[in-house]
Every structure is written in C-alpha cells, then in structure tokens.
Amino acid sequence: MELLASELIAAAIIFIITQFFISNITNGRWRRLPPGPMGWPVIGALPLLGAMPHVSLAKMAKKYGPVMYLKVGTCGMVVASTPTAAKAFLKTLDINFSNRPPNAGATHLAYNAQDMVFANYGPRWKLLRKLSNLHMLGGKALEDWANIRANELGHMLKSMSDASREGEPVVVANMLTFMMANMIGQVILSKRVFVDQKGAEVNKFKDMVVELMTVAGYFNIGDFIPKLAWMDLQGIERGMKRLHKKFNDLLTKMFDEHKSTSYERKGKPDFLDVVMENRDNSEGERLSTTNIKAVLLNLFTAGTDTSSSIIEWALAEMMKNLNILKKAHQEMNQVIGKNRRLIESDIPNLPYLRAICKETFRKHPSTPLNLPRVSNEPCMVDGYYIPKNTRLSVNIWAIGRDPDVWENPLEFNPERFMSGKNAKIDPRGNDFELIPFGAGRRICAGTRMGIVMVEYILGTLVHSFDWKLPNDVMEINMKETFGLALQKAVPLEAMVTPRLHLDVYYAN
C-alpha cells in the first residue's frame, strides 16, 4: 500500500509538472523573448532609462539589437530601433498595436483618454479623427485657412522687424508659440487667443504647453507598477492634476466665450462650430463636451509645441552652419527675390529648404519616442515572441542617428536629401528611415499640417532675415530636454536683420 501511495504521489507530481510546462508553452512564457537588459527586482529596467530615455535606449539597442525587450516594473516593453524593426510593428502588425496603454498622462491630462491622442482605436477615435481631418488637418482644410497662416506670419514679421530696429533679440520659442496659438485659435474659435506677444498670458501659456509636453513624456513609476500608483512617488501625478486644472479653466473660458458669440459667425462656421454640429456618427457614437475640450487640448498643445521645436532646432543648426544659411538665402533670392514675402506656392520650388526641414526631422524629431502602443494579442517579430499587453516604443531619435542608415548621422547635412537614394524619402510615414510623425493608423493626425507649418514658417523666417547670435552669446547650446517633444534645453535667442525691402514687413 505504501509503495502504491508513493507511486500515485510521484505520478501526480509528474502530471502537475507536465501540465505546468504545457501551460507555459501554450501561453508563450517559454518562447523566446527579444534580448534585453536584466534590470532590477520589482522596478525592472526603470533606473536604466535615466533622464534621457531615448539616448539610453539607443545605447542599449547597440548591445541587444534592433528589437529589444525590457521588463519595466510589472510591464513588458518592446523597443524598435531601426527602420526594419519599426516597419514590422507599425505596418505589418499595425492593427495589433493600435491601442494605447493606460497611463497617468491620459488619465490626468487628457480627460481620462477622451481625446484623439490617447483614445483607444474605435468608433469615437475614428469620429474625432474624421472631423479633425475634414475641418482642420486635412489637405482641403489646410487650403481653406491658408490666409490665416499668411496673416499671422505678417504679424510676426512686423514684430520681429520692430525688435530689429530697437536692437532687441527675439526668443524664438516664445515668438513661435504666440503665432501658432493665434493661428490655431482663429481656425478653431474664430479669434486670436493672444493679442500682446510680451504679455503675461502668452508666457503662461507657453510654460503650460512645455510643462504638459514634458511631464506627459516622463516614465512614471505608477504606470509600470500600478500597485504603487497611489503613492505618486515622483510627484508626477500631482503636477499633472494641477496642470490639467489650468488647461481646463482656459479651455472652459474659450468654450463659453465661443458659445456666447455664435451670432457673429453666421455663415462662417469655424472648427468648433462644425464639430458641435457633427458630434454624432452613423455608428451611434456621440461626442461629449469633454471629448471636444480634450481635442482642443490636443490641437493647442501639440499644434504649437511640436512644430515650433522643429523650427527652433532648424534655425539653431543653420546658425551653427552659416554656409547652410547662406545657401538657403541664395536659393530664395533666385526663386523669390527681395521684393515680396515667401508664399506657400513657392515651397515646391525650394528643394534646399525642404531638405533642411527633412534633415531637422531626422536629427531632431519633435517626438523622440513614439507615443506608446500596446499589443492586443501575442505576436511574433523577427523570430521573437511578443506577449499580449506588451508596450511598444519606437525610438524615432535612434533611427534618425543610425549609422547603418545615415552616413555621418551626427552631422547636420541637408545635402543628403538633395540626390541619391535619400532624395525621394518623405516624412509622411511611408519611409521608415524618416518617421518624425510616426506611421500606421496611429500616425500623428497633424502630420500634413506639421509639414506645411514647418516648411512655410521656417522658409519665411530664413527668407526675411539674417540671423546671428546676440553679442554676449559665444556659442549655441545644443543640449536636449526630454519629453513628448524634444525641446532645446536653452531656448534660442537671436538678433535678426531684415534682408528684404522694408515695406514688405509692414504690408497688409
């Protein structure tokens, strides 16, 4: 009897062990994950990311390869660091990685993911995207508000010319934020949201936008170890809640003022009018006021900050490389001359300007790490197993500096886009060597607008002025500050000198 009992116990143990292995193999736990660092107990690879995660992850990729797996807290994260790896996730497996993982930024900043950026892929997201494309971000919509862009640029040129006469430097980021916020305000709300460029309101708004784009990019411990979220160990969520209240107060004020002046816009509906009138779709999805405020937050923050950061980096690189600035001036002198401003129809005839823009998108992408996605189901990539609920991060910054893709990648050289294999590369998400706006169905909704704004505004600034450093500045600081948008650590200040006939700057 004792022998029989021992055999039964042994058989039971073997059965349990066998079932354990079968279960794990079935669930993929014993399949080969991509290589990656071991990390620390409990917190995983969080300490390895440091203050500049895009740089840290790029260095790790050199050791572990283009598809890398990290355990970050209790969450798995896969990182793609080459064009081929990015294409596998963002094109081949696009639908599987179409959703966003839950995070504090979506909860506390974006009205609990009621916006277009953080919402899950589905009917509400599609409706938000459709309305935004039709009435603000798409090709026809962009043509419809071209005159607004031209008028706001006119205001900026006047103020810059005045600063030149008074011997004052321009703070590029502040100047661009003021102008772009007014552009977007006119399209959305039929009004310039700021009147005085040097007023306290515009400075406060700029600080709020920078803070949002910075904190939303943080690797928050509570996002990766949910059981610790209530402690808010880094104080990130407290800051997000305070910032959300500021933005909500501002958006509520804009919303209320807009409703009270609806009689003034009869026959001339703006973006908000159109969205309010079309807040239902055929699938029964209805946009709430919260959804609409969340989209306004997307448009005002991403619409001002990402494009302005690219333009600021481009000007900084050109001021460091005066031969590039000189060559851009020569092209513009030949195509446009000095008797008028640059207009948008000039841009196709300015290939060197467009090459400068592409080179800036490559070296200084406004979003260094794509907004995170999460796998809906397990999948295989490059022979590696990617479990369900794995977060995806594409290192756009690393792709732009990959020496296997780009010759001398740390050099700012627009010529690389003027001929040869790179001449036809386009930043709209189909060429994975250059994806500053991401790719796939969750590509940035403002891709088309971003390219238009960067080319037109940068081209106008370069055509209209000579640029040099203030006398007390010996060298441009090119250090980065990490966030959703890649900011210059030290804002660019410059002395500008008009190079066109003076009446151009004051023409109506």
So, first residue touching a residue at least 40 places away in the same chain (Cβ under 8 Å) in segment 160-174, second residue in a loop (DSSP other than H, G, I, E, B) and surrounded by fewer than 18 Cβ atoms within 10 Å (Cβ to Cβ), Cβ within less than 7 Å, six or more apart or across chains; the pairs are Pro169/Pro470; Val171/Pro491; Val172/Pro491; Ala173/Pro491
Only one of (1) touching a strand residue (DSSP E or B) at 6+ places or on another chain (Cβ under 9 Å); (2) of a type in the set (Gly, Ala, Ser); (3) under 24 Å from Leu371 (Cβ atoms) fails for Ser464. Which number is that? (3)
Number of the condition not met by Glu201 [criteria: (1) at pLDDT 90 or above; (2) over 18 Å from Tyr456 (Cβ atoms); (3) surrounded by fewer than 16 Cβ atoms within 10 Å (Cβ to Cβ)]: (1)
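Which is open to solvent by 30 Å² or more (accessible area, probe 1.4 Å), among the aliphatic types (A, V, I, L, M) and assigned to a loop (DSSP other than H, G, I, E, B), of Leu233, Leu228, Leu250?
Working: Leu228 fails: assigned to a loop (DSSP other than H, G, I, E, B); Leu250 fails: assigned to a loop (DSSP other than H, G, I, E, B).
Exactly one residue qualifies, and that residue is Leu233.
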Scanning segment 468-499 residue by residue, those of a type in the set (D, E, K, R) and open to solvent by 50 Å² or more (accessible area, probe 1.4 Å) turn out to be Lys468, Asp472, Glu475, Lys479, Glu493
Criterion (on the phi > 0 side of the Ramachandran plot and either at pLDDT 90 or above or loosely packed, with under 15 Cβ neighbours inside 10 Å (or both)) met by exactly one of Gly44, Gly105: Gly44
Failed item in (1) aromatic (Phe, Trp, Tyr); (2) more than 29 Å from Asn477 (Cβ to Cβ); (3) touching a helix residue (DSSP H, G or I) at 6+ places or on another chain (Cβ under 6 Å), with Phe255 passing the rest: (3)
Could you check, for segment 128-136, whether at least one of its residues is outside any helix (DSSP H, G or I) and either of a type in the set (Phe, Trp, Tyr) or open to solvent by less than 10 Å² (accessible area, probe 1.4 Å) (or both)? no
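Looking at segment 484-508, which of its residues are of a type in the set (A, V, I, L, M, F, W, C), under 30 Å from Met52 (Cβ atoms) and in contact with a Leu (Cβ under 9 Å, 6 or more places away or on another chain)?
Kept after step one, since they are of a type in the set (A, V, I, L, M, F, W, C), are these residues of segment 484-508: 484-486, 489-490, 492, 494-496, 500, 502, 504, 507.
After this cut, where a residue has to be under 30 Å from Met52 (Cβ atoms) as well, the list is 484-486, 489-490, 492, 494.
Within segment 484-508, Leu484, Leu492, Ala494 qualify.
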Quick check on segment 49-69: of everything there that is in a helix (DSSP H, G or I) and in contact with a Gly (Cβ under 6 Å, 6 or more places away or on another chain), which residue is least open to solvent (accessible area, probe 1.4 Å)? Ser56
Within segment 262-278, how many residues are open to solvent by less than 50 Å² (accessible area, probe 1.4 Å) and at pLDDT 80 or above? 6
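So which residues in segment 207-225 are of a type outside the set (A, V, I, L, M) and either open to solvent by 20 Å² or more (accessible area, probe 1.4 Å) or closer than 13 Å to Glu152 by Cβ (or both)?
Step one: list which residues in segment 207-225 are of a type outside the set (A, V, I, L, M), which gives 207, 211, 214, 217-220, 222-224.
Across segment 207-225, the qualifying residues are Asp207, Glu211, Thr214, Tyr218, Phe219, Asp223.
How about segment 301-411: which strands (runs of 3 or more DSSP E) wholly inside it have at least 3 residues that are within 24 Å of Asn103 (Cβ to Cβ) and open to solvent by 10 Å² or more (accessible area, probe 1.4 Å)? Break it down stepwise before answering.
Details: elements: 379-381, 384-386, 391-394.
By residue number, no strands (runs of 3 or more DSSP E) qualify.
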Hey, Gly450 assigned to a loop (DSSP other than H, G, I, E, B), in contact with a Ser or Thr (Cβ under 7 Å, 6 or more places away or on another chain), open to solvent by less than 30 Å² (accessible area, probe 1.4 Å) and closer than 25 Å to Leu127 by Cα or not: no
I'm checking my understanding of the structure. Among residues of segment 142-194 that are within 21 Å of the chain's Cα centre (by Cα) and polar (S, T, N, Q), which one is most open to solvent (accessible area, probe 1.4 Å)? Asn174
Would a scan of segment 134-154 turn up a residue that is closer than 22 Å to Val490 by Cα and aliphatic (A, V, I, L, M)? no
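The values are calculated or read from the model by the stated rules, or taken from the named source; none is laboratory data. Bear in mind that the values here come from a model prediction, so they are computed numbers and not experimental data. For neighbour counting, all protein chains shown are included, and Cβ atoms are generated from backbone atoms with ideal geometry for every residue, glycine included. To get the accessible areas, we keep the full protein, side chains included, count just its heavy atoms, and leave off ligands, DNA and RNA. Shrake-Rupley method; radii C 1.70, N 1.55, O 1.52, S 1.80 Å.
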